[in-house]
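One structure is given here, and the rest of the page talks about it.
The values are calculated or read from the model by the stated rules, or taken from the named source; none is laboratory data. Quick caveat, the model's predicted, so the values are computed rather than measured. Every residue, glycine as well, gets a Cβ built from its backbone with ideal geometry; the counts of neighbours run over all protein chains shown.
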Amino acid sequence: MKYLINLYSQFIGYRFAKSWATSESSPKTLALLDRYIELRQMLPMVTVRRYGKIRSAHFGNHVGSSYKPWKATQAI
């Protein structure tokens, strides 16, 4: 199930980024952002080792991956 949630959150993040580029404060854009955040928070926490440090993060793409979910919220 976590794989589907992760995939869906990436799709919603992409839609949010596109919507943000055209209309930053529309209700649709803000609803997509809320949905994206909700989906990311549904993912389980995992322990990852990055740059010699142990960190906790939600399952999915993290530091060092080719696609970072936070890019969607930055409209990148």
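Can you find a residue that is free of Cβ contacts under 8 Å to residues at least 24 places away in the same chain and touching a Gly at 6+ places or on another chain (Cβ under 7 Å) anywhere in segment 34-51? Scanning segment 34-51, I find at least one residue that is free of Cβ contacts under 8 Å to residues at least 24 places away in the same chain and touching a Gly at 6+ places or on another chain (Cβ under 7 Å), so the answer is yes. Taken together, the residues in segment 2-36 that are over 12 Å from F59 (Cα atoms), out of contact with any helix residue (DSSP H, G or I) (no Cβ under 8 Å at 6 or more places or on another chain) and of a type in the set (A, V, I, L, M) amount to 3.
Would you check if there is a residue in segment 29-45 being outside any helix (DSSP H, G or I), among the acidic types (D, E) and at pLDDT 75 or above? Checked against the condition, which is being outside any helix (DSSP H, G or I), among the acidic types (D, E) and at pLDDT 75 or above, segment 29-45 yields no hits at all.
Going through segment 20-45 one residue at a time, which ones are more than 15 Å from the chain's Cα centre (by Cα) and not acidic (D, E)?
If we filter segment 20-45 for residues that are more than 15 Å from the chain's Cα centre (by Cα), which is where we start, we get 21-28.
A21, T22, S23, S25, S26, P27, K28, listed by residue number.
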